[in-house]
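Visitor: Structure provided below as structure tokens; questions to follow.
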Amino acid sequence: MATIKRTETSNVTWKEVLEIINSGKATEKLKPGTEITETLKDGSRAVIAVAAVDLYQNGEVIFCFRNTVGEDHRMNKEWTNKGGWKDCKMREYLNSEILALLPDELVEMLSPKKTIQIQNGSTLECEDLLFLPSEYEVHGEEIYAKYNGVDKQFPFYKERTNRIVVDEDGDTTWRWLASPYASNTTYFCFVSSYGGAYSYDASYSFGVAPGFAIRKS
């Protein structure tokens, strides 16, 4: 039996995206995998996919970049994952330099997303407008990072190929995740160029493909 796949493309503003969320029709009109193409302030092209709808709370849509933005960047200047995502330099980079690249209309409607990590028996929490997904949110299992008992896999990432991102040239590339390696003091987790789970030293530069959340207002 043959199958047919149809795609529909139309123009949209972020204000209209928010209107869909506020109308309660996100599960219908913003299904995981829905892509929005945006031009950033530096002139680069970004492809942003809906990764989850109503996953952590009703009326929340989580979006993730399908390509890297800015330059490859280190999680920390030093060889350490101490303090996890909460204390890493990548967090500062995302919520300053990368945030500044987004359209003002979009930034105004972003909702902070909480990151919870367990490191050396301590619970670390913070909230950000731009974030990197955790290992569990991407892969749906505990591999290198300690599972916090809260995170859920983004439905979009259940397909391994959807975990792959590309660089500015369209080539598949490695990209960092927010999760520190549980049994190592210098590594953070990352996603390989074919969607696999790996980890590497925090001072190494990999691609940056952030996520953000918009909630019903």
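Just so it is clear, none of the values below were taken in a lab; they were calculated from the coordinates. Here the structure is a predicted model, which means the values were calculated and not measured. Don't worry about glycine lacking a Cβ; one is built from the backbone with ideal geometry, like all the others, and counts go over all protein chains shown.
Visitor: How big, in percent, is the set of alpha carbon pairs in region 143-216 lying more than 17 Å apart?
Guide: On the way: 1357 of 2701 pairs.
Value for region 143-216: 50 percent of Cα pairs lie more than 17 Å apart.
Visitor: In addition: Just flag the GluC sites (Glu not before Pro) in region 52-91 sitting in loop per DSSP whose Cβ has no more than 15 other Cβ atoms within 10 Å. List each step's numbers first, then the result.
Guide: Values: sites: Glu60, Glu71, Glu78; in loops: Glu71, Glu78.
Those that pass, being in a loop and sparsely packed, are Glu71, Glu78.
Visitor: At most 10 other Cβ atoms within 10 Å and a DSSP loop assignment: could you name the GluC sites (Glu not before Pro) in region 119-217 that fit? Don't skip to the end; give the middle numbers.
Guide: Working: sites: Glu125, Glu127, Glu135, Glu137, Glu141, Glu142, Glu159, Glu168; in loops: Glu141, Glu142, Glu159, Glu168.
The qualifying sites are Glu141.
Visitor: Hey, another quick one. Loop only per DSSP, at most 15 neighbouring Cβ atoms within 10 Å: give me the trypsin sites (Lys or Arg not before Pro) in region 103-193, ordered by residue number. Working shown, then result.
Guide: Working: sites: Lys113, Lys114, Lys146, Lys152, Lys158, Arg160, Arg163, Arg175; in loops: Lys146, Lys152.
Passing sites in region 103-193 are Lys152.
Visitor: Report, as a whole number in µm² per second, the diffusion coefficient that Stokes-Einstein gives for region 1-81 at 4 °C and 1.567 mPa s using the Kirkwood radius over alpha carbon pairs. Write down the numbers at each step before the final one.
Guide: On the way: Rh = 15.2 Å.
Taking Rh from Cα pairs, D becomes 85 µm²/s.
Visitor: Quick one: give the max-minus-min coordinate of the C-alpha atoms of region 14-215 along each principal axis, largest first, in Å.
Guide: In descending order, the Cα extents are 45, 36, 29 Å.
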